[in-house]
Amino acid sequence: MFSPERIYQAILIITQFIILLTFHEWGHAKSANMLGDPTARDQGRMTLNPAAHIDPIGTLFLPLIGALSARVGFFGWAKPVPVNPYNLKNPRSDIMLIAAAGPFMNILLTFAIFSIIRILELTLDFQPYNSETHLAIYRFLVTSAHISVFLAVFNMLPLFPLDGFSVVNGLLPESASRQFSKLAPFGMPILIGLIFLPYILPIPSPLIFLSIITQEIRDIIAKIVGVR
């Protein structure tokens, strides 16, 4: 059984995750619209309303399991943003840009989050250990930054249907791209194996390694912004 404190923290993390994922999906939809494809906009997906992007399994159920279980690790996704390649002038490169827009939005949000901390430090003598309130706010913001970077890192894995697959596909020469596209059917089985392998074998979750990369990127951004 999980303690009330653990459940509360898990719900808080899921709330942060949904908000950050909403910006991620909005980035996809907005970039698609800018590149000539209004499909997502017409279907109500170019919005910052989280309800438009929530997938019951990927946005609620699996992230909750990940947030409660330290062994498996945190992961999840939203409903895919619809893209009609026939509306794009350069489908392969435009789809790459649309895919990259989601992770880019998360990195941009991370800069914004640390900028908030920096502004608090400069204007209110904000220090994490000045008070319990300061500590709670600091932890909330740093956790939000970590989740935001993790969304970018996780989605940049070159496995279909993650964004990284479309980004790599768009960067490859056309002949290599055709060969790489043939790997798409294997992406989801590999991804599921990476996520659930720790349930079957006594090994650490591969997501832990992504979390280490996430922490390094998060700390670099914090230093760039000037957060102590």
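The values are calculated or read from the model by the stated rules, or taken from the named source; none is laboratory data. These numbers were taken from a predicted model, which means no experiment stands behind them. Positions of Cβ are generated from backbone atoms using ideal geometry, with glycine treated the same way; all protein chains shown enter the neighbour counts. Calculation scope for accessible area: heavy atoms of the full protein, side chains included, ligands and nucleic acids excluded. Shrake-Rupley method; radii C 1.70, N 1.55, O 1.52, S 1.80 Å.
For residues that are open to solvent by 40 Å² or more (accessible area, probe 1.4 Å) and part of a helix (DSSP H, G or I), tally how many sit in the range 46-56.
3
Looking at the range 84-104 only, could you name the residues that are open to solvent by 30 Å² or more (accessible area, probe 1.4 Å) and under 13 Å from Trp26 (Cα atoms)?
So in the range 84-104, the residues open to solvent by 30 Å² or more (accessible area, probe 1.4 Å) come out as 84-87, 89-93, 95-97, 100, 104.
Correct list: Ala100, Phe104.
Quick check on the range 213-226. Is at least one of its residues hydrophobic (A, V, I, L, M, F, W, C) and touching a His at 6+ places or on another chain (Cβ under 6 Å)? If you could, list the steps in order and put the result at the bottom.
Our first condition is that a residue be hydrophobic (A, V, I, L, M, F, W, C); within the range 213-226, this holds for 213, 217, 220-222, 224-225.
Checking the rest, the ones that are also touching a His at 6+ places or on another chain (Cβ under 6 Å) come to none.
Checking the range 213-226: not a single residue is hydrophobic (A, V, I, L, M, F, W, C) and touching a His at 6+ places or on another chain (Cβ under 6 Å).
Looking only at the range 1-45, which residues are outside any helix (DSSP H, G or I) and charged (D, E, K, R)?
Asp37, Arg45
Residues that are open to solvent by 60 Å² or more (accessible area, probe 1.4 Å) and at pLDDT below 90: find the helices (runs of 4 or more DSSP H) completely inside the range 111-228 holding 3 or more of those.
On the way: elements: 132-155, 163-171, 174-181, 184-200, 207-225.
Because the criterion is at least 3 residues that are open to solvent by 60 Å² or more (accessible area, probe 1.4 Å) and at pLDDT below 90, the helices (runs of 4 or more DSSP H) in the range 111-228 that meet it are 184-200.
Among the residues of the range 1-45, what is the count of those that are open to solvent by 50 Å² or more (accessible area, probe 1.4 Å), out of contact with any Asp or Glu (no Cβ under 6 Å at 6 or more places or on another chain) and either among the small types (Gly, Ala, Ser) or within 24 Å of Arg92 (Cα to Cα) (or both)?
Selection size over the range 1-45: 8.
Consider only pairs whose beta carbons are under 6 Å apart and that are at least six residues apart or on different chains; among these, list those whose first residue lies in the range 73-93 and is farther than 24 Å from Leu197 by Cβ and of a type in the set (A, V, I, L, M, F, W, C) and whose second residue is at pLDDT 95 or above and surrounded by fewer than 16 Cβ atoms within 10 Å (Cβ to Cβ).
Leu88/Gly36
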